[in-house]
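The structure under discussion appears below in the form of structure tokens.
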Amino acid sequence: MSKSFAGNFFEDFELHQDVPCPTPRRLGSGEVAQYIALTGDRTARFCGELGHIHPLLLFHQVLSQTVRHVSLNAIANLGYAQLVFSQPVSTGQTVHTAAEVIGLKENSSQRSGIVWLKTTARLSSGDLVLSFVRWVMVRKRGSETTEFLNSPIVPVLQQRVCPDSLHIEHLEPLPTASQTGGKWTYEDYSVGERIDHHDGHTITPGEHMSFTRLFQNSARVHFDALATQSKPLVFGGYPMSIGYAQMLNGLENRLGLVAINSGTHAHPVHAGDTLYSRTEIIEMDPLGDATVGALRCRLQVCKNINPADHPDTTFTTRDEALVLELDIWELVSKTTQPHRSHP
Amino acid sequence: MSKSFAGNFFEDFELHQDVPCPTPRRLGSGEVAQYIALTGDRTARFCGELGHIHPLLLFHQVLSQTVRHVSLNAIANLGYAQLVFSQPVSTGQTVHTAAEVIGLKENSSQRSGIVWLKTTARLSSGDLVLSFVRWVMVRKRGSETTEFLNSPIVPVLQQRVCPDSLHIEHLEPLPTASQTGGKWTYEDYSVGERIDHHDGHTITPGEHMSFTRLFQNSARVHFDALATQSKPLVFGGYPMSIGYAQMLNGLENRLGLVAINSGTHAHPVHAGDTLYSRTEIIEMDPLGDATVGALRCRLQVCKNINPADHPDTTFTTRDEALVLELDIWELVSKTTQPHRSHP
Amino acid sequence: MSKSFAGNFFEDFELHQDVPCPTPRRLGSGEVAQYIALTGDRTARFCGELGHIHPLLLFHQVLSQTVRHVSLNAIANLGYAQLVFSQPVSTGQTVHTAAEVIGLKENSSQRSGIVWLKTTARLSSGDLVLSFVRWVMVRKRGSETTEFLNSPIVPVLQQRVCPDSLHIEHLEPLPTASQTGGKWTYEDYSVGERIDHHDGHTITPGEHMSFTRLFQNSARVHFDALATQSKPLVFGGYPMSIGYAQMLNGLENRLGLVAINSGTHAHPVHAGDTLYSRTEIIEMDPLGDATVGALRCRLQVCKNINPADHPDTTFTTRDEALVLELDIWELVSKTTQPHRSHP
């Protein structure tokens, strides 16, 4: 039997199993620069003096650490829930990931099943930095029926992260308006407000592959043109990061996302597609008397259609143009910080 | 009104206005490696033990910090003057930029105007690292005439940076000949001398976009294939850095540019173009008894024509092949440094 | 005479000559991230807390430092021998290279000759980190016969690095099975065993150029589409690193290669080619009672054919599909390390 690993199938997962998550990864200045170069992200907190790692850089790294033992044979990434960033990761720190199977359900086709995983990421110190639940549809190895066809185990998941659970410590110092260039603060936004972000980003063949490999994601469908009829699939994390980077236009005073309530990769993306995005504010929470408030944002990323050109259209995940819908909690400064004497 | 920002128009600028320059940026090992990978620069001072940031990496970062509030609606970058690098930036330091409007002139077409900006970049300590004047042609928002049509305010600019103003401290230790591989020193050059640098660099679609985003330059014309009829424009900083990297062949013992006297982006560059360059020495200054002398170089970058194949041709900014002409002060060691025992 | 350098020809080399190797290079987090993003390497030791530089990143950097004075006019890289990694390089250290001519032989065509170089790389402290012999075929400048046609000087080279010469200190702590995700240890392998690694990697135009420039390799044939009839040649180091990265599938508990016995770049690679690889274990050595054993591996990298689809085919360097054959000593943990309490 060959020693090379073709990935786990549905039958290989057991309830409460600890799935290996290679490989612990040090995140440094190199990853930060690469992330900025490939996405164009300009969020002030993640490119300046603080040396804090971008939350989505962390998320993609942690998710990718689960690829080899969870999703090499995945048919689809079905969703995320209860994703909370607990504390910032600083340049030079190393991230270790663990994943536990918490749900199993065989599909009625009996060709695949759904696996739910509780994933946690920690620093070498043991401090928790990120946790979430993710579920994926995985191929079955054989045709024999499993117990999870008739007795599925489906975890109960929260619809959204409760604002009380958001981590808003570790935010000082807040960036000043002159550092962000933005004039809008928490009080300026309102529920139901829509922001079209205008800027387009065309995906090139090499960049999406570099982005995916940056996180050591090794799912072959992203890299092998022969095996994909010259259409390697773009890793779902890339439109997420591109959309989030575009979203800065209109949310310049954001501190960075602190939770993901849910996410849907609605349609595939390939090199050559141009991505645009739109945000809708769907809930607000002042977080008591904190210096920041929380905006719950529905970020929609579209391909080859700029929502700004269709102000009267509401996109849904059924629209082929919509590639990603992400429901996140974002923090925004409540009042513009005093202009610090420069610098 | 949407919160997303479409950029300033000529009417939005006022004399002596401080223009926001988001976002302060930490420059680290990641930016250094990315810069080398995308340009091929081999200047000894900017890849070795010193950890000094390449002057053009710094310049592009600072210029890009002015993009959102100055040049989103720019028609053309008209020029640079009086650009002086005051002291090196070290890996890990953060750069903050400020820009003040010092000139305004409405064009006779009444559709656009010229804005002059004095731009300065400082470390978090407050130390000045770079200053320059830049002027750009910006679209007008409306058709109403401004006072700057008949009463333009045009700053008087020096034709070149005076050699006395060049910063030649912070140069020790100079690289040795064995470290640079070059045998030519200051005394070997002469005014009027031309050096064709031979090497060609073909621009690929992803790399020029990564380069531009590395500096968080967000001008959409560089990134959106749909909005540009599949011809995204290459950021002017990229041919500058490529030409400067190519220029090392024949100037191996350079210490790095310390001033830009003027610069003209003569013709556009797109992915697929191959760039070549030529240098002419147009002035020399021994800088007293310093260990280095200053060469004033006219660097010409051409597309799809190698000047080395046309030794008798003099290119001017009217030639479509010439994409960039840059007039800089470069420092070169006066005598080959003693071969330090290895290493 | 122009100051730009067109490279050395066969006649320019003398026995025992010290060839300049510009430029000393600091290897930091930026180079590490770029290497991972461009190759997908996931070897645990080179992306985690230790901050050790990947041996092939080091090798490509050192080799590239010899390009300007050795191989600008090379017709072919003929081989490597006796390549030994003496100690790890840590993030932030600077590598200095020296090369001495140890063999010269003019070819019977009298148009070229072979140059053998002993190359050594050291840290600024003087510590040796890498040494090897390399030989290249270099064009002659003229038609005059040299003494090395009739009196060639050909060094005697070892067929393989003796296991006694492998450096196995500096390995603690070994990664745990949960960190690598692999279950196979030294004892599980056997001589004659073949592992097909499955994953394909399609080379894109920009990425192979970025990879080559990352090491400041300036051989024009890799970068200039005009001079190469739109077929820039991929730098031989890239298939080497891609193949080595793919090889992890089945060798998850490897510690990293410690020697290269020989290497053959059998056929050229261009953008658009998809690479796959296969490993054969050709010798094993338990290294006494060390915690690791040595596997001598023959890594074969193929283009546009996946060896996994041809299990009964044995590829040789005469097959056009085979682009690289590399004979290396790899270290693998002898027993799975105890699962350290997380993390």
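Readers should treat all values here as calculations from the given coordinates under stated rules, not as data from a laboratory. Note that the coordinates shown come from a computational prediction; the quantities given were computed from them, not determined experimentally. Glycine gets a Cβ as well: all are built from the backbone with ideal geometry, and neighbour counts include every protein chain shown.
Using a cutoff of 8 angstrom between alpha carbon atoms and counting only pairs six or more residues apart, the relative contact order for the range A:104-158 works out to 42 percent.
Per-residue mean of other chain beta-carbon atoms within 10 angstrom of the beta-carbon, peptide B:38-45? Numbers along the way, then the final one.
On the way: counts 7, 2, 11, 2, 10, 2, 4, 1.
Per residue, the number of nearby Cβ atoms from other chains is 5 on average.
Of all the options A:270, A:170, A:54, the one that moves most in a Gaussian network model of chain A with Cα springs shorter than 10 angstrom is A:170.
Pull out a ≥ b ≥ c, the square roots of the eigenvalues of the alpha-carbon gyration tensor of the protein assembly as shown, then state rounded if a/c is under 1.5, prolate if not and a/b is larger than b/c, and oblate in the remaining case.
Because a/c hits 1.5 or more and a/b fails to exceed b/c, the protein assembly as shown counts as oblate.
Residues considered: A:29, A:151, A:112. Largest GNM mean-square fluctuation over chain A, using C-alpha springs under 10 Å, is found at A:151. The HN-Hα couplings worked out from phi for the range A:216-221 by the Karplus form 6.51 cos²θ - 1.76 cosθ + 1.60 (θ = phi - 60°) are 6, 5, 10, 5, 4, 4 Hz, whole numbers, x standing for Gly and Pro. Counting Cβ atoms of other protein chains within 10 Å of each Cβ in C:179-187 and taking the mean gives 3.
For chain B, the Cβ-based charge dipole about the Cα centre amounts to some 900 debye (Lys, Arg positive; Asp, Glu negative; other atoms uncharged).
Between A:192, A:218, A:170, the Cα set farthest toward the positive side of the dipole of the range A:167-223 (charges on each charged residue's Cβ, about the Cα centre) is that of A:218. Taking amide H atoms as placed 1.01 Å from N in the peptide plane, the amide H of residue C:284 lies under 5 Å from those of C:296, each 5 or more residues away in sequence or on another chain. Sites listed here are GluC sites (Glu not before Pro) in the range A:36-144 whose DSSP assignment is loop and whose Cβ has at most 12 other Cβ atoms within 10 Å: A:144.
Annotation note: trypsin sites (Lys or Arg not before Pro) in the range B:120-172 located in DSSP loop regions with a Cβ neighbour count of at most 15 within 10 Å are B:141. Projecting the alpha carbon convex hull of the range B:24-162 along each direction and taking the average yields 9.7 nm². In this structure, the residue pairs whose Cα-Cα separation is over 28 Å, taken from B:231/C:231; A:140/C:303; B:3/B:140, are A:140/C:303. Excluding same-chain neighbours fewer than eight residues apart, the aspartates and glutamates reachable from residue C:105 by a Cα-Cα span under 19 Å are C:11, C:12, C:14, C:18, C:144, C:147.
Comparing B:1, B:59, B:92 along the charge dipole axis of the range B:1-124, the residue lying farthest to the positive side is B:92, per the Cβ-charge model. Counting only Cβ charges, +1 for Lys and Arg and -1 for Asp and Glu, the dipole size of the range C:65-182 around its Cα centre is about 560 debye.
Placing one identical point scatterer on every Cα of the range B:228-342 and ignoring solvent, what is log10 I(q)/I(0) from the Debye formula at q = 0.10, 0.17, 0.21 Å⁻¹? Rounded to two decimals, the profile gives -0.35, -0.84, -1.14. Rounded to the nearest 500, what is the protein assembly as shown's calculated 222 nm mean residue ellipticity when only DSSP H runs of at least 4 contribute -39500 (n - 2.57) each, over all residues? Calculated at 222 nm, the ellipticity per residue is -4000 deg cm²/dmol. Here the dipole of the range A:126-245 is about 760 debye; that uses its Cα centre as origin and unit charges on the Cβ of Lys and Arg (positive) and Asp and Glu (negative).
Per-residue counts of other Cβ atoms within 10 Å, averaged by peptide: what ranking do you get for B:176-186, C:239-249, highest first?
Listed from highest to lowest mean packing, they are C:239-249, B:176-186.
Between residue C:190 and residue B:314, the modelled label-to-label distance comes to 7.9 nm, taking each label 7 Å out from Cα in the direction of the beta carbon. The GNM of chain C, with springs linking C-alpha atoms under 10 angstrom apart, assigns the highest mean-square fluctuation among C:291, C:39, C:314 to C:314. Hydrodynamic radius of the range B:112-241 by the Kirkwood approach over all distinct alpha-carbon pairs: 20.3 Å. Volume of the convex hull of chain C (Cα atoms only), normalised per residue: 148 Å³. Taking every C-alpha pair closer than 8 Å and separated by at least 6 residues, the mean separation divided by the residue count of chain B gives a relative contact order of 19 percent. Amide H contacts of residue C:106: C:114, C:148, C:149, each under 5 Å away and 5 or more positions distant or on a separate chain (H built 1.01 Å from N in the peptide plane; Pro and chain starts excluded).
Counting Cβ atoms of other protein chains within 10 Å of each residue's Cβ and taking the mean over peptide A:320-326 gives 0. Exactly which GluC sites (Glu not before Pro) in the range B:1-45 are in a DSSP loop and have at most 16 other Cβ atoms within 10 Å? Within the range B:1-45, the qualifying GluC sites (Glu not before Pro) (loop, at most 16 other Cβ atoms within 10 Å) are B:14.
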